[in-house]
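Data first, discussion second: the structure below is written as structure tokens.
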Amino acid sequence: MAVLVACTAAVIIGANQWRSDEPVAAPAAPVDPGRRPWQVTLDLDTKAGYVISAGVSDGARQGLTVQNLAFSGKPDGVYGGEVTAFPPGTLDEQQLTVGERVNDAWYVPDFTFAEHTARDGKPWQAPAVGRPDPSGVWVVVYADPARSVGEAAIGRDDLLRLAAAVRVGPARDLRLPLSLGAGLPAGLDLTYVRATDQQLDRQPPTLGLSRATREPSGAGLYARPPGGLDVIITTEPRNGDWDKRRPALTGPTTAGGLQAWYEQGKRLTVEAERCVVTIESALTRAELEKLVDRMTIGDCADPESWIPPLS
């Protein structure tokens, strides 16, 4: 078991610019951007007043949750909305192009997702703005109604401003407090990553393993991991919340030389020096312990030290 000491995060700003005074660019022929399962090509123009609070890579789909720092008067800003990218050929473009055209984008009051949140099974509609990117993807922005309230309420003009701030550029890594190492369980690949900014997003950084053929979620929001994952790995810092949860765990054991708790057919929880890792899976105990043996676990409370989950 290796323990991570430090790693400097790198940020690559997307190069493709979008301006409202330019004509609509015809989508180019689909090009493989070289995006790996732990990478996204979505980014933001930081001069527009937005920052990323969470990034998601779910198979062919990728998305961002955004914080709006402009005009709020709060150091951390307010909720700014959601961004998702539809690869070429995966979006019913008529959902958008029948709407109100504003410069190079379209606004619709009722864009439809297959689900509201992953695995809830209920179709969901929301106001949205979409635009085609020269890379061939469609960028769609919208908001979670539960968070778009009060001074954080997001309307048509806010969505248009967010859409104009989105960039599609070179693939960049999503970083987490652990790396899986070589040799994943047989037949499984890394197909889901949700990386968070701990100051702005309270959900735990999460990894998911599944068959490579698993379809990405059609949900608007990733409030929980999508269905079809064979292994779900979450991380949390060793803080007061962990101290309260720890005494209730059963099945004490060790894994990778670390204190652990095993619930047969459900989960393995591992306590490292500066991080707690929970693996939910029906895989055998031996397979889960082998996964832990190969992990590099870092500091869950220090995002500056986080690294890509695979190298």
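Quick note: the coordinates plus some simple rules give every number you see, no bench work behind them. The structure displayed is predicted, hence computed values, not measured ones. Here the Cβ positions follow ideal geometry from the backbone for every residue, glycine too, while neighbour counts run over all protein chains shown.
The table for this structure:
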| quantity | calculated |
| --- | --- |
| GNM top mover of Leu184, Leu44, Leu221 - the chain, alpha-carbon springs below 10 Å | Leu184 |
| Positive-end extreme of charge dipole, the chain - chosen from Leu159, Trp38, Leu69 (charges on Cβ) | Trp38 |
| Count of Lys pairs (Cα-Cα under 27 Å; at least 8 positions apart or interchain) in the chain | 4 |
| Computed over the range 178-305, Cα set: Rg, Dmax in Å | 14.4, 40 |
| Length-normalised contact order for the range 65-110 - Cα pairs under 8 Å, 6+ apart - percent | 24 percent |
| Kirkwood Rh, Cα atoms: Rg over Rh of the chain | 0.98 |
| Dipole magnitude of the chain, debye to nearest 20 (Cβ charges: Lys/Arg +1, Asp/Glu -1, about Cα centre) | 480 debye |
| Amide H within-cut-off set for Asp197, under 5 Å, with H built and near neighbours excluded | Ala54 |
| Peptides 119-126, 194-201, 290-297 ordered by average Cβ neighbours within 10 Å, highest first | 290-297, 194-201, 119-126 |
| The range 178-305, relative contact order in percent, only Cα pairs under 8 angstrom and at least six apart counted | 25 percent |
| Residues whose placed amide H lies under 5 Å from that of Gln62, excluding near-sequence neighbours | Ala85 |
| Among Ala118, Ile297, Pro225 the positive-end extreme of the charge dipole of the chain (Cβ point charges) | Ile297 |
| Peptide ranges 251-258, 35-42, 186-193, 136-143 listed from the most packed, as the mean C-beta count within 10 angstrom indicates | 136-143, 35-42, 186-193, 251-258 |
| Per-peptide average of other Cβ atoms within 10 Å, ordering 51-57, 110-116 highest first | 51-57, 110-116 |
| Fluctuation leader among Val98, Val78, Val276 - the chain, Gaussian network, Cα springs under 10 angstrom | Val98 |
| Within the range 39-173: Cβ-based charge dipole about Cα centre, in debye rounded to nearest 20 (Lys, Arg +1; Asp, Glu -1) | 160 debye |
| Charge dipole (debye, nearest 20) of the range 153-311; +1 at Cβ of Lys and Arg, -1 at Cβ of Asp and Glu | 280 debye |
| Most positive-pole-ward Cα, Gln203, Tyr262, Thr191, against dipole of the range 178-305 from beta carbon charges | Tyr262 |
| The chain: most fluctuating residue of Arg214, Arg131, Arg175 per GNM, C-alpha cutoff 10 Å | Arg214 |
| Helix-derived mean residue ellipticity, 222 nm - over the chain, DSSP H n ≥ 4, -39500 (n - 2.57), to 500 | -2500 deg cm²/dmol |
| Where labels lie 7 Å past Cα in the beta-carbon direction, separation of Ala286 and Arg35 in nm | 3.8 nm |
| Taking the chain and dividing mean pair separation by its residue count, relative contact order in percent (alpha carbons under 8 Å, at least six apart) | 23 percent |
